[in-house]
Structures are given as C-alpha cells and as structure tokens.
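Quick notes on the structure that follows.
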Amino acid sequence: MSFTVAIIGRPNVGKSTLFNRLVGKKLALVDDQPGVTRDRREGEARLGDLTFTIVDTAGLESSDPDSLTGRMRAQTEAAIELADAIFFMIDSRSGITPVDRHFASLVRRAGKPLILIANKAEGRSGEAGAYEAFDLGLGDPVPLSAEHGDGFASLYEALREALPAETALAEIESEEEAERPVFADDEDGTELDLSKPLRIAVVGRPNAGKSTLINHLLGEDRLLTGPEAGITRDSISVDFVWRPREGQNQAGERRMKIFDTAGLRKRANVQDKLEKLAAADALRAVRFAEVVVLLLDATIPFEKQDLTIADLVEREGRALVIAVNKWDLVEDRGERLAMLREEAERLLPQVRGAPVVPVSGRTGDGLEGLMRAIAKVHETWNRRISTSRLNRWLADATQRTPPPAVSGRRIRLRFMTQPKARPPYFVIFGNQLEALPKSYERFLVNGLRENFDLPGVPIRISKRTGDNPYSTKGKRKIW
C-alpha cells in the first residue's frame, strides 16, 4: 500500500533539496533565493525499504488569496489535504521564526501525522536551532541535512513511527517483490505500446495558457495559473486517463503523463538565473516526451519564438501537435483556421502535415479534438513500414524523378529499409550517395510523408554506400 507525504514549510528552508534527495534525482529547481517552487510537484521517493509519493510544495506565506503568493498557498493547502502525513520543515540556522509558529498551528489543525524536520542541522549553529524546534510543540524534531544527506536514518524511524500501518504494509510488499523472479525487458522501443502512459509535453511562449489548458483537461485546479507571465517554473508532470467520448475513438481510454513547462522566451532575453534553470527544465521535458504540444496564442500566432520551439521539437525527433489557444477570442474562425494551417505548411516544412487544432483553455472547447490529434500523431510516430512497400515506392519514385548525375555518372538508389521508428528512420543503400543533393533528400522525405501517411513527425534518412571493389584506397600495393 502506497502513501503520500507532503513537505511543508516557509520559503527557503530546503524543501526542494529534500525532495530531490528522496527521489534520487534533481527534479525540482533549487536556488538560494526564496520562493523558487510555486506549483506542487510529486515524485516517487525511497527511504530505506520504504517507497512512497513525496510532494514538494511552495513556501507558506501570509498574503491576499487573490495574489500570486495566495494562490501558491492554496496549492500547498490542497497538498496537505491529500497527504497521509506531513513533513514540517524549519531552518535550524535561522531558528524558529514567527512565520514558523503561525504555520505550525495550521498543520496541527490538519489532523495528519506530522514529522518536524530541522534542516541544515550540520554544525554547532544548526544543532542549537534544532533544539529550539521543541518550542513549536510538534514533537521531537528530526535534525538532518538535506544537502549533505545526514540524519536520514532518524527520518526513516520517525516515518515508521508516524505511519505504522502504511509502512508495515510497504515492508511486506517489498519482501514479496524481492521474491518475484526478474525478467529481462525485451521491448525494442519501436512499436506502439498502449499499456504504457503516453508522455506529452506542453510548450510555448510565456502566458500562452499552458497551465490553464492542462487544468481544464484534468478537470481541477491542479496547476497554478494567473494573469502574470512566467508563473510556471518547474516542469510539473501529471498522470491522468483520457476517456474519449463514445463513438469518437474505438481504442478506449488511454493513460497519459502530461508535462506543464515554463514559457520559453528568446535566449538573448533570458538573463535571470531562475529563468535559465526553468527553460533548461522545459527542454528536458521535451526530450523526455513522445508527443509535444506547441501552444500558440491565437491573437499573435507563429511568432519567431514559436518557430524556434517547433524546430527544436523536430531536431529532438518528437511528434508535434500545434494547438492554437484562446480560440474563443477569434472571429471568422473558419477562414482564420484555414489561414493558420496554410501558414504552418509554409513556415514548418520540416514537420509538414502537423495537425493544427483550435482550443480554448478557458472554456474547454476543442480539447477532445486535441487529444484525438495527439493519439493519432503518436501512432504515426511509432509506425514501421515493410521493406517491400518501401522498395516498390523507391523504384517508382526514382524512375519518375531520377537522381542527378555526378561527373557523368548517375547516382543510383538501390535499396531502402526502416530499421526503427520513434521517429521513423530510413536507410538508403546505393552508390555515390555522399554527393546526393539536399534537394533530392527533401524530395524523398516529402514522398515518404505523402505516400505512407506520416504527417507531423520528423523523418530521418541515413545513407550507406557499398565498398568499391576497384578502389585501391586503403589496400597494400603488391609490386
């Protein structure tokens, strides 16, 4: 039986550092300045033989509920509500502050098992602050150093004591898991596997409405939103199940993992260290995803930065869906949509045929069409084409439009195969292929895309030339 623990505390006490230490990866952004974390972030934590869900939250601050910090506090309170236990963290070096005392009463009223953590307890000043934590009346503090990894044995014992039933079940399950035989993973990664969640990253410029769109898709205010640009910093992953409306999809429900990312501005305009870290986290989400949704603002679509992001997605080899948000603000929608699709074909030839879907994150219009487009382009991204079909097409294409001649000798394309997908990757065998012009490669890519129905996915082509038996290069001369 799994359980959930939320890390609570005022800003800059080390909550994200502890989160990263428990999940074993640097998932949450960490910086010396307070208020880095804004959304609540979940991860799979391991502490000794215990495996559980850990939730990193924004620092608790008193403020107006309608302000940004007020909305951040609401996200933290939601995490407290859903958690089975609470890690209440203080900074041992700073000692107990009035803010700590105020929010200690908040977590006490939650009625959840609570573990008081005195972080940064290394050194003499840290030890003194840890003893001071007794004044909060929340039980014995657990002194540790999240940055250096000290004190986690004590944290393990405190967690076992706070949740005896849940941790006992976790221990039994871990013993059963150890007794099960281990089989090698024989998946080659080249075929569509509907049993695994489809990984989707939503990217775009700041204030395009990414978090609002995902919230409407989930049916809850899971992500922090507001009129301010650049609210999202961490790339937050959320698991959900898409259930198509009856009669619109025969595949049934589909498990998905969707990543909300920070808005990406032009690199020259990014000076702040935190924004650089957030942008790097967004790019990591793109590399981890299978399908990337590029969210445009319908009032100012296809800005230069949008095209740069689309080019990045293509270079990373990910399937692309273009979603035009704020569609409820557009007039003459039919004419506008036709124009946007024409612009996409003209401005993004490297992912020709990528679906352009109008949506509204505020009202939820178009979300069903967006999810169907994601499922379809993911299927295309995983598609493999038989060698016989490829070579029948290649013979016909080269007969109608032969490759050019080089030094009076014509380039010959003899054979083609697709060794893998994700994205579709083709290998051509022939002679003098190093001299094959880029324009003819584009002709082949466009032909593959059109004849085998491969819209919206990058296509990779590799060229292999056989050894020339008459070449004396690399051979030893015999006199």
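Structure summary
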item	result
Candidate set from segment 339-371 (those that are touching a Ser or Thr at 6+ places or on another chain (Cβ under 8 Å) and crowded, with 20+ Cβ neighbours inside 10 Å); member that is nearest to GLY219 (Cα to Cα)	GLY361
Looking only at segment 130-160, and only at residues there that are farther than 16 Å from ALA85 by Cα and among the aromatic types (Phe, Trp, Tyr), the one that is surrounded by the most Cβ atoms within 10 Å (Cβ to Cβ)	PHE152
Hits in segment 277-309 - residues which are touching a Phe, Trp or Tyr at 6+ places or on another chain (Cβ under 9 Å) and within 22 Å of SER360 (Cβ to Cβ)	VAL291, LEU296, ALA298
Candidate set: segment 249-302, residues that are touching a strand residue (DSSP E or B) at 6+ places or on another chain (Cβ under 8 Å) and among the basic types (Lys, Arg); chosen: the one surrounded by the fewest Cβ atoms within 10 Å (Cβ to Cβ)	ARG255
Unique match (being out of contact with any Pro (no Cβ under 6 Å at 6 or more places or on another chain) and modelled with pLDDT of 95 or more) among VAL351, VAL359	VAL359
Condition met for LYS112 (surrounded by 16 or more Cβ atoms within 10 Å (Cβ to Cβ) and either touching a Pro at 6+ places or on another chain (Cβ under 7 Å) or part of a loop (DSSP other than H, G, I, E, B) (or both))	yes
Wholly enclosed helices (runs of 4 or more DSSP H) of segment 364-458 bearing at least 2 residues without any contact (Cβ under 8 Å) to a residue 60 or more places away in the chain and closer than 22 Å to ILE258 by Cα	367-381
Cβ-Cβ under 6 Å pairs, at least 6 apart or on other chains, segment 29-53 side closer than 13 Å to THR167 by Cα, far side among the aliphatic types (A, V, I, L, M) and at pLDDT below 90	LEU50/ALA170
Residue in segment 367-380 that is touching a Pro at 6+ places or on another chain (Cβ under 8 Å) and within 24 Å of ILE428 (Cβ to Cβ) present	yes
The lone exception for LEU394 - which of (1) surrounded by fewer than 16 Cβ atoms within 10 Å (Cβ to Cβ); (2) more than 30 Å from ARG287 (Cβ to Cβ) it fails	(1)
Members of segment 1-57 found to be of a type in the set (D, E, K, R), farther than 21 Å from GLY126 by Cα and either part of a loop (DSSP other than H, G, I, E, B) or not assigned by TED's automatic domain parsing to the domain that holds PRO98 (or both), listed by number	LYS25, LYS26, ARG38, ASP39, ARG40, ASP49
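The values are calculated or read from the model by the stated rules, or taken from the named source; none is laboratory data. Computed from a prediction, not measured in an experiment: that's the story for all the values here. All Cβ positions, glycine included, derive from the backbone under ideal geometry; neighbour counts span all protein chains shown.
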